[in-house]
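The values are calculated or read from the model by the stated rules, or taken from the named source; none is laboratory data. The structure presented is a predicted model; accordingly, all values stated were derived computationally and were not measured. Virtual Cβ from ideal backbone geometry, glycine too; neighbours counted across all protein chains shown. Accessible surface is based on the protein model in full, side chains and every heavy atom, while ligands, DNA and RNA are left aside. Shrake-Rupley method; radii C 1.70, N 1.55, O 1.52, S 1.80 Å.
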Amino acid sequence: MKNIHKLVMAAFCAASSLAVQAQAPGTLNILGDNHVIYRLQSKHKFLILPIEEKEENAHLRVIRDNQVVKELNCRLAIDNVDYSVPLELDTHQDSDVLLDITFQSNRRSTGAVKDFVAWKMLKTSDQFDTSNREKYRPVYHHTPLWGWMNDPNGMFYKDGVWHLYFQRNPYGSYWENMTWGHSTSKDLAHWTFEGDAITPDALGTIFSGSSVVDKENTAGFGNQAIVAFYTSAGTNQTQSLAYSTDNGKTFTKYNNNPVITANVPDFRDPHVFWNEDIKAWNLILAAGQEMNIYSSKNLKNWVLESKFGHEYGNHGGVWECPDLMKLPVSGTHETKWLLICNINPGGPFGGSATQYFIGDFDGHKFTCESKPEVTKWMDYGKDHYATVSFDNAPDGRHVVMAWMSNWQYANEVPTMQYRSANSVPRDLGLFTFGDETYVSVTPSKELLALRSAKVGKPTEACEIVMDIRSQSKPTVITLSNDKNERVVMTYNPKNRTFSMDRTLSGMTDFSNMFKTVSIAPTYGTITQLRLFIDKCSIEAFDAAGKMAMTNLVFPTQPYNNLVVKGGAKTTIYALK
Ligand code: FRU
């Protein structure tokens with residue numbers, strides 16, 4: 001499948017290369033076996049870079065007037081072109097653009113640098129075609145228009161608009177050149193790409209973080225300024241901030257960055273929130289396998305208050321992307337604090353997952369109420385990572401989104417134009433079962449508005465609602481296509497489990513870690529299940545919020561059959 005696609009692409013590219021060659025936009029100067037300068041005069045907006053995914057990164061320095069204006073790594077095409085990406089040029093300048101390009105030294109065995117296909121395929125343009133070319137691109141999940149995406153970052157809500165920033169590579173569909181991309185939505189399901197909001201600088205590339213709406217202008221950047229916190233990933237990881245006075249469209253980096261430093265190698269992903277209990281800001285970040293908690297009055301000067309995590313929960317990997325919030329416990333007048341700790345690897349089925357802790361937080365110290373050996377997972381699928389919440393969500397809601405992938409195979413999933421989607425948005429709460437309090441996860445109410453016609457069979461973008469009939473025998477749900485590629489889900493009321501088997505779900509061989517049967521505790525009975533299907537993902541929820549499971553699937557044809565053994569009243573809604 002993939003190879004056929006590549007052949008078609010190669011043929012198309014070969015045909016068009018003749019035309020492009022005649023009007024190559026620049027001149028190539030060979031400086032060594034692995035080093036060239038490409039000189040360009042252009043009034044066009046973009047230089048279109050041809051990418052070949054199997055190649056190693058070349059290092060590009062964009063030079064203007066003897067100054068480096070941008071640096072990036074990209075897998076410039078050597079033999080074939082898989083796809084292209086746009087490099088934005090400054091059209092207001094008269095001077096030539098120099099691309100100073102160095103290839104990895106082992107390229108000497110590939111052939112002479114002058115013969116690399118990239119030189120024939122480079123072109124300038126005022127357009128970059130972002131129309132979809134991927135059959136797996138979801139309908140109601142956020143995806144980048146092109147290029148790579150991982151963690152959701154800096155999410156906030158303001159004036160009826162949901163803002164989502166995300167870890168992005170604008171120059172390829174694999175992890176590199178970390179930048180905050182920006183998308184907005186009015187319905188939490190359909191998103192508009194707004195461009196790159198925060199780009200790499202001398203302190204490093206831009207790793208994950210959060211944003212807050214500074215309603216009281218505590219930082220002095222302006223009333224209602226958006227203040228974003230991110231990790232500057234340079235030689236070491238430090239924390240920086242940037243602010244926006246145009247509702248998150250453009251950011252100015254603070255001139256006294258970094259604002260938090262430490263002598264710790266994995267030191268990242270600051271999450272900031274206003275803590276009404278202490279009338280101050282708190283910041284939580286991952287420091288190795290612990291979380292550091294800070295406080296501040298002005299968002300610029302931070303005091304380290306405490307650390308949490310030593311010997312608590314799962315330590316099978318690096319702790320990343322924290323969040324901390326106060327939530328009501330369902331059916332009581334109590335509130336408790338939820339500390340989210342994404343971990344990679346160490347997840348229940350291998351690789352990445354979201355663990356959490358419940359306890360108390362007094363603005364200084366988080367105290368976990370469970371025994372250290374207790375581990376709790378927010379979602380029991382394999383593709384739910386880097387979950388964090390929106391700042392300033394309406395009605396006191398705590399809305400989260402995850403990155404719907406797993407570091408075990410995220411760079412290998414069978415898409416090319418883009419890689420990775422976010423989960424559907426979910427609202428968090430707390431419930432008690434036995435002696436423990438757990439987080440409840442419910443699909444956000446905005447998703448109800450996506451329901452269009454009721455349909456008789458599953459479609460590639462639908463929601464299946466099932467009222468479970470039997471609490472004595474298992475309910476077995478098989479979703480399949482005409483090629484008998486299938487996903488089997490089982491609710492077992494006796495064992496109080498829900499499982500999803502994707503071992504025969506379609507394309508699985510891009511990674512030997514993809515075939516999985518994931519299994520979740522249900523903490524009591526499930527009376528209604530909600531399954532969200534969108535081209536290449538299945539998100540299963542107990543409608544009451546006690547169980548969530550998110551898994552990618554790559555059927556070669558959409559699943560169009562549903563068989564339920566054990567009986568359930570089933571309604572299928574096409575989602576738009
Ligand atoms: C989590 C993560 C973060 C880091 C980012 C880099 O997926 O590793 O800890 O900030 O990705 O892209």
task: From K336, K382, grab the single residue that is of a type in the set (D, E, K, R), within 25 Å of the chain's Cα centre (by Cα) and more than 27 Å from G248 (Cα to Cα).
output: K382
query: Would it be correct to say that L98 is outside the structural domain of W175 (by the TED database) and open to solvent by less than 10 Å² (accessible area, probe 1.4 Å)?
result: no
message: Here's a check for you: in the stretch 200-217, which residue that is within 14 Å of the ligand (Cβ to nearest atom) and among the polar types (S, T, N, Q) is farthest from V69 (Cα to Cα)?
response: S210
query: So which of A410, A449, A402, A453 is in a loop (DSSP other than H, G, I, E, B) and at negative phi?
result: A410
message: Can you tell me which residue is farthest from the ligand (Cβ to nearest atom) among those in the stretch 382-433 that are over 19 Å from D509 (Cα atoms) and among the acidic types (D, E)?
response: D395
message: Going through A228, A242 one at a time, which residue ends up being more than 19 Å from L339 (Cα to Cα), within 16 Å of the ligand (Cβ to nearest atom) and under 19 Å from the mean Cα position of the chain (by Cα)?
response: A228
- prompt: Which one is nearest to S232 (Cα to Cα) among residues in the stretch 258-277 that are more than 16 Å from the ligand (Cβ to nearest atom) and open to solvent by less than 70 Å² (accessible area, probe 1.4 Å)?
  reply: V259
message: Give me the residue from the stretch 290-303 that is part of a loop (DSSP other than H, G, I, E, B) and open to solvent by less than 70 Å² (accessible area, probe 1.4 Å) and, out of that set, nearest to N314 (Cα to Cα).
response: W302
- prompt: What is the residue count in the stretch 304-323 for residues that are in a strand (DSSP E or B), of a type outside the set (S, T, N, Q) and more than 16 Å from the ligand (Cβ to nearest atom)?
  reply: 4
query: If you check N73 against the conditions, is it under 28 Å from the mean Cα position of the chain (by Cα), polar (S, T, N, Q), open to solvent by 10 Å² or more (accessible area, probe 1.4 Å) and outside the structural domain of L203 (by the TED database)?
result: yes
message: Return the pair list, or none, for Cβ contacts closer than 9 Å from residues in the stretch 296-307 that are more than 14 Å from L285 (Cβ to Cβ) to residues that are part of a loop (DSSP other than H, G, I, E, B) and among the charged types (D, E, K, R), at least 6 apart or on different chains.
response: K297/K279
query: Of the residues F156, F193, F166, F221, which single one is over 30 Å from R451 (Cβ atoms) and either assigned to a strand (DSSP E or B) or not assigned by the TED database to the domain that holds V97 (or both)?
result: F221
query: How many residues does the stretch 364-391 contain that are touching a strand residue (DSSP E or B) at 6+ places or on another chain (Cβ under 8 Å), part of a loop (DSSP other than H, G, I, E, B) and surrounded by fewer than 17 Cβ atoms within 10 Å (Cβ to Cβ)?
result: 5
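For every residue, the table says whether it meets (1) modelled with pLDDT of 95 or more; (2) more than 16 Å from the ligand (Cβ to nearest atom); (3) open to solvent by less than 30 Å² (accessible area, probe 1.4 Å).
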site	(1), (2), (3)
Q104	no, yes, no
P138	yes, yes, yes
W146	yes, yes, no
D151	yes, no, yes
L164	yes, no, yes
field: Within the stretch 172-196, tally of residues that are within 16 Å of the ligand (Cβ to nearest atom) and either acidic (D, E) or open to solvent by 20 Å² or more (accessible area, probe 1.4 Å) (or both)
entry: 3
field: Top-ranked residue of the stretch 326-363 - restricted to ones that are open to solvent by 10 Å² or more (accessible area, probe 1.4 Å) and among the polar types (S, T, N, Q), ranked as farthest from the ligand (Cβ to nearest atom)
entry: T332
